[in-house]
1. Residue 156 passes all but one of (1) more than 30 Å from residue 262 (Cβ to Cβ); (2) free of Cβ contacts under 8 Å to residues at least 12 places away in the same chain; which number fails?
2. Can we say residue 264 is modelled with pLDDT of 90 or more, closer than 21 Å to residue 113 by Cβ and open to solvent by 70 Å² or more (accessible area, probe 1.4 Å)?
3. Starting from the stretch 310-328, take each residue that is touching a residue at least 60 places away in the same chain (Cβ under 8 Å) and of a type in the set (Lys, Arg) and list its partners that are surrounded by 10 or more Cβ atoms within 10 Å (Cβ to Cβ) and assigned to a helix (DSSP H, G or I), counting only C-beta distances under 7 angstrom and pairs at least six apart or across chains.
4. Going through 191, 211, 164, 157 one at a time, which residue ends up being within 42 Å of the chain's Cα centre (by Cα) and assigned to a helix (DSSP H, G or I)?
5. Need the failing condition index for residue 147 against (1) open to solvent by 80 Å² or more (accessible area, probe 1.4 Å); (2) among the acidic types (Asp, Glu); (3) closer than 30 Å to residue 189 by Cβ, just the number.
6. Cβ-Cβ distance below 6 Å, separation of 6 or more or different chains: which pairs start in the stretch 262-280 with a residue that is closer than 13 Å to residue 127 by Cα and end on one that is open to solvent by less than 40 Å² (accessible area, probe 1.4 Å) and of a type in the set (A, V, I, L, M)?
7. Yes or no: the stretch 132-141 includes at least one residue that is within 16 Å of the chain's Cα centre (by Cα) and in a helix (DSSP H, G or I).
8. Just checking, does the stretch 240-260 include any residue being open to solvent by less than 50 Å² (accessible area, probe 1.4 Å) and under 22 Å from the mean Cα position of the chain (by Cα)?
Amino acid sequence: RLGRHARCLLLAQWRAPWKKGWLRRGWLHCISRSFRFQLVSQALPEKAMAKLLQVPPKFLPPEWHIANKTQYSSAEAQRSRSERLVDESQRLVDEIERTTQKTQSDVNKRIEQRLEEIKFWKQQLDDKLDQIVKETEVLLTFRTRLEKALESCKEPLLIVQECLLNRERRVGIDLVHDEVERELIKEAEVLQGVIALLERTLEQTDEQIRLNRSAKYNLEMDLKDKFTALTIDNYCSSLNNNTPDIRYAQNVVTIDASSVSPQEWVEFSNVNVEKADKQRNNSLALRALIDSILSQTASDMLKQNKTVNIAFQNRLKETKDAKAKLEIHLAKVSTRRASRYLWDVLPRRESIPFLE
């Protein structure tokens, strides 16, 4: 490659054609010895090479001034270009710094908004979780009431069945399908219906408890994810330009295929909240139904028990009256038979020895 002196000589040759021969000799002088030897040995004959090996002639003062001016102009152009490049670089630095600061400000605002959204939904999930847990506990107490009510219905049913079996041992005309038997059969049907109703209600209660626990599980999982996101975003909001151990990380802006949009994120939590509300409302309705069933069934059993007791009392009274009448008639018949024995049989027995 040509040096600065060679370029200056070429420029001078272009500006002063009348010094063409001398500048050619100067240009050859500024080339390195090895390269000059190779170039000249290939392009010139031996006589020309002998001339080149001679001591080069000295330059004239005008030529020296021209070379200095040329070098000065080139240096000034490079300096101007460098200054423009520095100014442009500084402008870009300032612009990038303003853009970065604006971007950081926007990101900080978005992170704050995101934190507020996460806190809002976290609070909603906490409230719904607390409500569904309390509702499930209350429903469990109602389930215990149902179990006790169901257990308490079995003994009266056994008593009614025992009464019907004992009354089957009546004999003769007393084996009658009376009011007591009809009311006992009705009481057995009422008790069996109450037991079936309580069993169905107990199954429905178990299913509602399962649904409540399912909603509770979904809320807990969503709440756990919200807590993780809140922890991460809190850490991100605390980062700044002076935070230590900050380094560039690659592929941080790559969107994961499993990620969701903000609308889907909100919809997911909203669905969990709505499911929890729905199951809680269903649980409240079921508790009201259980209260109504327990109250109604208890009233029906007490009413039927009272009816059976009244039928028993009436039947006992009728039986006692019939028994008393039969005893009176029996006494009369016995008295009559005794009198006939005294007046009819004994005199005949006394006359037998006389006849003999």
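1. Looking at each condition in turn, residue 156 falls short on (2).
2. Details: modelled with pLDDT of 90 or more: yes; closer than 21 Å to residue 113 by Cβ: yes; open to solvent by 70 Å² or more (accessible area, probe 1.4 Å): yes.
Taking the combined requirement at face value, the residue satisfies it.
3. Once the first residue is touching a residue at least 60 places away in the same chain (Cβ under 8 Å) and of a type in the set (Lys, Arg) and sits in the stretch 310-328, its partners that are surrounded by 10 or more Cβ atoms within 10 Å (Cβ to Cβ) and assigned to a helix (DSSP H, G or I) give 315/179; 315/180.
4. Exactly one of 191, 211, 164, 157 is within 42 Å of the chain's Cα centre (by Cα) and assigned to a helix (DSSP H, G or I), namely 211.
5. Among (1) open to solvent by 80 Å² or more (accessible area, probe 1.4 Å); (2) among the acidic types (Asp, Glu); (3) closer than 30 Å to residue 189 by Cβ, the lone unmet condition for residue 147 is (1).
6. Partner pairs satisfying both residue conditions: 272/219; 276/132; 276/215; 276/219; 280/132.
7. yes
8. Taking every residue of the stretch 240-260 in turn, none turns out to be open to solvent by less than 50 Å² (accessible area, probe 1.4 Å) and under 22 Å from the mean Cα position of the chain (by Cα).
The values are calculated or read from the model by the stated rules, or taken from the named source; none is laboratory data. This structure is a prediction, so every number in the text was calculated from the model and none was measured. Positions of Cβ are backbone-derived with ideal geometry, glycine not excepted, and every protein chain shown enters the neighbour counts. Note: accessible area is taken over every heavy atom of the protein model, side chains too, but ligands, DNA and RNA are not part of it. Shrake-Rupley method; radii C 1.70, N 1.55, O 1.52, S 1.80 Å.
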